[in-house]
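The next block holds one structure in the form of C-alpha cells; read it before the comments.
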Amino acid sequence: MREGQGTVMRKAVDTPAVVHELVGARTGNCVRAAIALEAAGIPYTVRRIDLAAGQQHSERHLALNPSGKVPVLTGGATAPAFVLTQSNAIMLFAAERAPQALLPGDPTARAHAYERYFQVVTDIIGPSHAAFRLGIGEGRALLERLAIDGVVALEQVLTHAPYLAGPNFSIADIAGFTITQALVARLDVAALPRITAWLARIGALPEVRRGLAAFG
C-alpha cells in the first residue's frame, strides 16, 4: 500500500454506509488496531502518517488527537464526529461489532479472554512502551526485563490451548502477537516451543497478514 493511499480492506459487517479511516504508521499499536478491524470485517481505509517527518504534530492530526499520537480511527465521511484515539479502544470497538470473531459468546469464556488481553496490555505492552521512552539506564533495563518476563509467562498459558484465551482466536492473541513479535529477538525461543508455535499459527491467519500489511 502506497503512502497516503486508502484502500477498503474487507467486506463490511458494520453499517455498509460507514467506512472508517485508520490513521497511523507501522507501529505495534497501529498494526494491532488494523488486525482487529480486519478480523471483525469492519471496512476501513488507511491514511499513513510520517512520524519521522512529524506529521503527527500537524494541525490536521492534532484536530483529531491533541496528544499527537497514533493510531486514530474515525467514522469516515458519513460520521465525522466519531473518533477513537487509543489502540485498545479501537480493538474493543472492533470486538463488540464482531464478537464471535474476536471474543467468545459464553460469558465465562469472554471474561477469560478479557483477562488474557489485559494481562498482555499491563504486563508486557505497558512496561515495553515505558522502557521505550526512557534513556539507557537501570530503569529502562528493569522495564525491559518485566516485559520479557511477561512474554515468557505466556508459555505456561499456552500449555492447554492453541490460543491465549482457549480454543479460539481473540483480541488477546492480537495484542500478544504484535508485542511478542517486537520482542522476539530478545527471547530464548528454543526454550519457548509453545510460544514459537503460537506465533507461527497467528502469523498465518489471513486477517493477521492483511493487518500486518496495512501500513506497508
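Structure summary
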read-out: For Arg47, Arg186, Arg133, order by how many other beta-carbon atoms lie within 10 Å, fewest first; value: Arg133, Arg186, Arg47
read-out: Counting DSSP beta bridges with both ends in the chain, the antiparallel % (nearest 5); value: 55
read-out: Lys/Arg +1, Asp/Glu -1 at C-beta; the chain dipole; positive extreme among Pro71, Thr180, Leu92; value: Pro71
read-out: Kirkwood-based shape ratio for region 103-205, expressed as Rg/Rh from alpha carbons; value: 0.99
read-out: At R0 = 25 Å, FRET efficiency that the Cβ-Cβ distance of Leu62 and Gln181 yields, to 0.05; value: 0.25
read-out: At 1.002 mPa s and 20 °C, Stokes D of region 45-120 from Kirkwood alpha-carbon radius, µm² per second; value: 149
read-out: Simple Cβ-charge dipole of the chain, Lys/Arg +1 and Asp/Glu -1, about Cα centre, in debye nearest 20; value: 420
read-out: Helix-only CD estimate at 222 nm, as mean residue ellipticity for the chain, using -39500 (n - 2.57) per DSSP H run (n ≥ 4); value: -15000 deg cm²/dmol
read-out: Ser87, Ser58 arranged by Cβ crowding within 10 Å, fewest neighbours leading; value: Ser58, Ser87
read-out: Within a Gaussian network of the chain (alpha carbon springs, distance under 10 Å), most fluctuating of Arg48, Arg26, Arg140; value: Arg140
read-out: Stokes-Einstein translational diffusion, the chain - Kirkwood Rh over all Cα pairs, 1.567 mPa s, 4 °C, in µm²/s; value: 73
read-out: Over the chain, relative contact order from alpha-carbon pairs under 8 Å, at least 6 apart, %; value: 25
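No lab work stands behind these numbers, since they all come straight from the coordinates. Only a predicted model underlies this, so the values are computations on that prediction, with no experimental measurement involved. Methodologically, a virtual Cβ is constructed for each residue, glycine included, from the backbone with ideal geometry; neighbour enumeration extends over all protein chains shown.
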